[in-house]
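Quick note: the coordinates plus some simple rules give every number you see, no bench work behind them. The shown structure was predicted, so the numbers you read here are calculated from the model rather than taken from an experiment. Every residue, glycine as well, gets a Cβ built from its backbone with ideal geometry; the counts of neighbours run over all protein chains shown.
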């Protein structure tokens, strides 16, 4: 993917390997290309499946009591060297850490999803925005008392996003 005007890219040598992560499964979605994938999980009602490796299935115990969970996943097709980006929906470039773009030094993504069902091999969910086969990092319960902050703001987004895409 080419760098757009106004974007800034790191030298690849800046990326070191400091952490150890284990993929605990993968996510099956109907999205096979980045163009197919919604920019926001709330923009789709497609059902997806979180397939958990057998050794991690006991960790799902009690998850069936949750209406929503947080899925952490690895955006395996992301560009890892962009430090400034020009989103298609914005007027200016912004630092990668001010964006929810998958393109980032560590392409870790999160989605709060509706848990439809706990299956023998994982979860049936709705409202996720990732490619089919995306590696799964973690699952956590969503607590509305602590995870939602209704008064939060992203100032640049409020003042700059084009009107036709203001729900990003």
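In the chain, the convex hull through the Cα atoms has an average projected area of 11.0 nm², a quarter of its surface area. Using a Gaussian network model of the chain in which every pair of alpha carbons under 10 angstrom is joined by a spring, one finds that among 118, 50, 154 the greatest mean-square fluctuation is at 154. To the nearest Å, what is the center-to-center distance of the range 49-127 and the range 130-157, using C-alpha atoms only? After rounding, the separation between the Cα centres reads 8 Å.
When the Gaussian network model of the chain links Cα atoms closer than 10 Å, the mean-square fluctuations of 33, 151, 45 top out at 151.
Per the helix-only calculation at 222 nm, which mean residue ellipticity applies to the chain, given -39500 (n - 2.57) for every DSSP H run of n ≥ 4 and division by its residues, nearest 500 deg cm²/dmol?
Numbers: 2 runs with 10 residues, N = 168.
Mean residue ellipticity, 222 nm, calculated: -1000 deg cm²/dmol.
Extending 7 Å from Cα along the Cβ direction at residue 92 and again at residue 59 yields two label points whose distance is 4.1 nm.
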